[in-house]
Amino acid sequence: MGTYQRINPLVKKGIASKKAYLAGGGIASLSAAAFLIRDGHMPGRNIHILEQSAVYGGSMDGAGNAKDGYSARGGREIEEHFECFMELFGFIPSLANPDRTVLDEFRELNLAEPIESHCRLVENAGQKADFSSLGLSTAHALQLGRLVMVTEERLGAVTVEQFFEPDFLETNFWYFWRSMFAFENWHSVVEVKRYMERFMHLISGMNQLKGILHTEYNQFDSLILPLVKWLEREGVHFDKGHQVVDLDVDCSGGEKTVTAIHVLVNGAPRTLATSRNDLVMVTNGSMTENSTLGDMDRPAVLNRSVTERGCWSLWEKLAARSPDFGHPEVFCGDIDKTKWLSFTMTFTGDDIVFPYLLELTGDLPGMGGVVTIKDSNWMMSWTAPKQPHFINQPDNVKVLWAYGLFPDAEGNYIKKKMSDCTGRELLEELCCHIGLKDRIPEILEHTTNVIPCMMPYITAQFMPRVAGDRPQVVPQGSTNLAFLGQFAEVPDDCVFTVEYSVRSAMMAVYSLLALEKEVIPVHPSKYDVRVLLTAVRTCLGNKPLPLDRTLGQLLSGTVISQLL
């Protein structure tokens, strides 16, 4: 899609009388509201974002204070070719300077402070592990090549461990991959394929996280807050305390039309009547539904409820009405395969942890990215974000974040399951792994709080699935219903990214309003021969390819030689 396609769509007849109801207050609904206003020319006052909690932003959260400690469940990684994401934040004004956009400031930050890790892996209580290469053999590289070539239909519900040989799962490549994207061995290999193809241009820098971008603060303060403020100024209704529990959908005559929305408003039932003239967009499923928090002295208790789980329960009711609405049980049916634990550490007056991490990694906070502990039973990783990490964070306060992929495993030092550990015990295990075991008492003196967060569905979007398990963004025959977020089907794009949610919002708005504007295509790096050659060389340890010498001789002095 070139600039020729980036038009201002014509105002649709009757748009001023349409209403839009967006179920769920995450980035997908917020983006949909923004595109409805800018591209659909819908008055903001006609848009209602229905959210059960008092805080909008969904999984892109961040909250707390210096006295009680800060908490963020996690952050999504961002890269330059998140085209829909960049388009959205290219028209949202900055909170610091309304004459600049969020994208303007985001780009300036990453030009000034690019991520380039000098320590991706550690082991043996704080020793750097070799991360100089992906550690792939020729056989491993051929397996990756075969994955790229085979179709999603052929792969079906095959898992990572079913597709790859066991020794592939011990390579640096897999350590990098799973710590960046939170893949488990039992997850869908189709999603690995999509990531391979989508981010092929980043593979050469994966061992140092080159090309990954970061925000000034946590993603709530840096991205959600300015978006919400802009939508508020446009008159959008933020209907807090509104839990959407069901929809009435007329599925007769080959069409699907939402005729009513059933809501609990602060616990009291209410029905919102809708017509085919209105728009209803539903975030079906959530990575952070039923999350629980602990603290310094209490673990985060796993919520195993199968009856009270918010948007999952809503999706289950919708799926019973039509096979076109997907199969939620595929994703939310086994939380022991979709859960993991993160924890946010707040230090006051710290003169040990952050100076030590700088010496260990050689990376300033915000410029190193995630570091993985290879010999951690919990498969633990940490990241030191740019400080301050929260807008209201004092200068003498520092915030560190970590997570573990194996919450049911016993720690190497703390002989308990990760899921059973208090914040204090999680911090102690981390300190032992990074080489600060002897200084734990001093560190605890300067620890304000450690807040664990257990998330039952955090990797649900990676569960093995086949075509039809995720509903189309706009299902076949829909007149006014669309699905948004990580559990709607967006061809060629990758779940567990902000881009996926924003793209689903753009698709829903443009389709339901029949706008003449095109959705920005997924960046086609997999079709760039230069990217392909670089990726192949990287996977083969940067050894000369068999064709390099022959091609060099044949193409010497040509334009093609310069291109390659």
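Read-outs: derived from the displayed coordinates by stated rules, not from any lab. No experiment lies behind these values; they were computed from the predicted model shown. With ideal geometry, Cβ positions are generated from the backbone for all residues, glycine too; neighbour counts draw on all protein chains shown.
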Note to self: What are the ³J(HN,Hα) couplings of the range 392-404, residue after residue, when phi is run through the Karplus curve with 6.51, -1.76, 1.60 and θ = phi - 60°? Round to Hz, x for glycine and proline.
What the structure shows: 9, 7, x, 5, 8, 10, 10, 10, 10, 10, 8, 8, x
Next item on the list: Could you list which residues have their amide H under 5 Å from that of Asp246, counting only those 5 or more apart in sequence or on another chain, with H placed in the peptide plane?
Entry: His262
Notebook entry, point to check: Based on the Kirkwood radius over alpha-carbon pairs, what is the Stokes-Einstein translational diffusion coefficient of the range 245-342 at 4 °C with 1.567 mPa s viscosity, in µm²/s?
Noted result: 83
Next item on the list: Count neighbours as other Cβ atoms within 10 Å of each site's Cβ, and list the chymotrypsin sites (Phe, Trp or Tyr not before Pro) in the range 46-101 that are DSSP loop with at most 15 such neighbours.
Entry: Phe91
Notebook entry, point to check: Measuring from label point to label point, each 7 Å out along Cα→Cβ, what is the Asn392 to Leu111 span in nm?
Noted result: 3.3
Next item on the list: Can you tell me the dipole magnitude for the range 1-149 around its Cα centre, using point charges on the Cβ only (Lys, Arg +1; Asp, Glu -1), in Debye to the nearest 20?
Entry: 840
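So if each residue of separation counts as 0.36 nm, and I subtract the Cα-Cα distance between Ala54 and Ala157, what length gain in nm does that give?
Between Ala54 and Ala157, full extension yields an extra 33.3 nm.
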Check: Quick one: length gained pulling Arg304 to Ala268 fully straight, 0.36 nm per residue minus the C-alpha distance?
Finding: 10.5 nm
Note to self: Just to confirm the filter: which GluC sites (Glu not before Pro) across the range 274-369 are DSSP coil and have at most 11 other Cβ within 10 angstrom of their Cβ?
What the structure shows: Glu308
Checklist line | 222 nm mean residue ellipticity, helices alone, for the chain (DSSP H n ≥ 4; -39,500 (n - 2.57); rounded to 500) | finding: -8000 deg cm²/dmol
Margin query: Using the crude model of +1 on Lys and Arg Cβ and -1 on Asp and Glu Cβ, and no other charge, please compute the dipole size for the chain relative to its Cα centre, in debye to 20.
Written below: 1100
Margin query: Using each residue's phi in the range 484-499, evaluate 6.51 cos²θ - 1.76 cosθ + 1.60 at θ = phi - 60° and report the 3J(HN,Hα) Karplus result to the nearest Hz, with x for Gly and Pro.
Written below: 10, x, 5, 10, 9, 8, 10, x, 6, 9, 10, 5, 6, 10, 5, 4
Check: Just for the chain, what percent of DSSP beta bridges are antiparallel, to the closest 5?
Finding: 70
Notebook entry, point to check: Residues with amide H under 5 Å of Thr274's amide H, sequence separation 5 or more or different chain, H placed in the peptide plane at 1.01 Å from N; which?
Noted result: Ala260, Ile261
Check: Which listed residue (Ser179, Gly333, Gly135) has the Cα farthest towards the positive end of the charge dipole for the chain, taking +1 on Lys and Arg C-beta and -1 on Asp and Glu C-beta about the Cα centre?
Finding: Gly333
Notebook entry, point to check: Between His41 and Thr3, how many nm apart are label points set 7 Å from Cα along the C-beta direction?
Noted result: 2.4
Check: Cα centroid distance between the range 132-206 and the range 455-483, in Å?
Finding: 23
Item checked: Average projected area [Cα convex hull, the range 8-129], square nanometres -> 12.0
Notebook entry, point to check: Farthest toward the dipole's positive end in the chain, which of Asn396, Pro166, Gly24, given Cβ charges of +1 (Lys, Arg) and -1 (Asp, Glu) about the Cα centre?
Noted result: Gly24
Check: When the Cα centres of the range 89-123 and the range 321-365 are compared, how far apart do they sit, in Å?
Finding: 21
Note to self: Using the crude model of +1 on Lys and Arg Cβ and -1 on Asp and Glu Cβ, and no other charge, please compute the dipole size for the range 272-394 relative to its Cα centre, in debye to 20.
What the structure shows: 420
Next item on the list: List, in order, the whole-Hz ³J(HN,Hα) value for each residue of the range 207-221 obtained from phi through the Karplus relation with A = 6.51, B = -1.76, C = 1.60 and θ = phi - 60°; use x for Gly and Pro.
Entry: 6, 10, 6, 5, x, 7, 10, 10, 9, 4, 10, 4, 6, 5, 5
Next item on the list: Select one label from (1) 161; (2) 217; (3) 186: the one whose number is volume of the Cα convex hull per residue in Å³ as derived from the coordinates shown.
Entry: (1)
Note to self: For a 23 Å ceiling on Cα separation, which of these pairs sit above it: Lys339/Lys374; Lys193/Lys517; Lys337/Lys416?
What the structure shows: Lys193/Lys517
Checklist line | FRET E, pair Asp167, Gln127, Förster distance 25 Å, beta-carbon r, rounded to 0.05 | finding: 0.60
Notebook entry, point to check: Which FRET efficiency, nearest 0.05, do Ala16 and Val466 yield, Cβ-Cβ r, R0 45 Å?
Noted result: 0.60
Notebook entry, point to check: Which FRET efficiency value, to the nearest 0.05, is calculated for Val529 and Thr292 with the Förster distance at 45 angstrom and r the Cβ-Cβ distance?
Noted result: 0.40
Next item on the list: Note down the relative contact order for the chain as a percent, whole number, built from C-alpha pairs under 8 angstrom at least six residues apart.
Entry: 24
Check: Quick one: length gained pulling Lys543 to Asp250 fully straight, 0.36 nm per residue minus the C-alpha distance?
Finding: 99.4 nm
Notebook entry, point to check: What is the set of long-range amide H partners of Ile78 at a cut-off below 5 Å, with H atoms built 1.01 Å from backbone N?
Noted result: Leu213
